[in-house]
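To start, the structure under review is shown below, and the notes come after it.
The values are calculated or read from the model by the stated rules, or taken from the named source; none is laboratory data. Just so it is clear, the model here is predicted, and its values are computed rather than measured. Surface areas here come from the heavy atoms of the whole protein model, side chains and all, with no ligands, DNA or RNA. Shrake-Rupley method; radii C 1.70, N 1.55, O 1.52, S 1.80 Å.
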Amino acid sequence: MAAEVGSKVPDVTVKVMRDGKPEEVRTADVLGSGKVVLFAVPGAFTPGCSKIHLPGYVEHGAELKAMGIATIACISINDAWVMEAWGQSQGVGDDILMLADGNGEFTKAMGLEADMSGAGLGTRSKRYAAVIEDGTFTELEVESAPGVDVSSCENILTKV
């Protein structure tokens, strides 16, 4: 069953890079308190993700924070080293929490897997963005077609 507005954030283990090493964190801990914007991308360093999706959150992150968003998080089915390198290449600094869902457990728990094997990517996440308040989804925007539209930071700014 896919996550929806009113449902709780799945509580699974993902990884972040800390002090040059991957560290396990629980999604309920990093996404479950305060007001959070979470966005998912099919893959780090892929064109739409690197040219449009992540840069929009880098560019407008301060606006989200000014609107009361405590955490902005990006998640992808990539390993922690890739997520760190991608974040560094995009200049996210400490503004965006880069979550590595290497085994796709969070994506599966969300019910938002996408078969991208035709493009050589295997199972990935659908592209989406969510507003989460104290662990409950208050907005969930899933792209119905390729591209960045409803999950863009510009759109999420209208939903916060």
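At 20 °C and 1.002 mPa s, what whole-number value in µm²/s does Stokes-Einstein give for the translational diffusion of segment 57-138, with Rh from the Kirkwood sum over Cα pairs?
154
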Inter-centroid distance (Cα atoms) of segment 118-146 relative to segment 31-109, Å
12
Can you list the aspartates and glutamates whose alpha carbon sits under 19 Å from that of Lys51, skipping same-chain ones fewer than 8 residues off?
Glu59, Glu84, Asp95, Glu143, Asp149, Glu154
Can you give me the relative contact order of segment 61-107 as a percent, contacts being Cα pairs under 8 Å and 6 or more apart?
46
Return the lysines within reach of Lys108: Cα separation strictly under 22 angstrom, same-chain partners fewer than 8 residues apart disregarded; answer none if there are no such residues.
Lys8, Lys15, Lys126
The relative contact order of the chain, taking Cα pairs under 8 Å that sit 6 or more residues apart, comes to a percentage of 32
Lysines within cross-link reach of Lys65: Cα-Cα under 19 Å, excluding same-chain residues under 8 positions apart?
Lys35, Lys159
Alpha-carbon Debye profile of the chain, log10 I(q)/I(0) at 0.11 Å⁻¹
-0.36
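Of the heavy-atom accessible surface of segment 63-160 (probe 1.4 angstrom), what whole percent is carbon and sulfur?
For segment 63-160, the apolar C and S fraction of the accessible surface comes to 46 percent.
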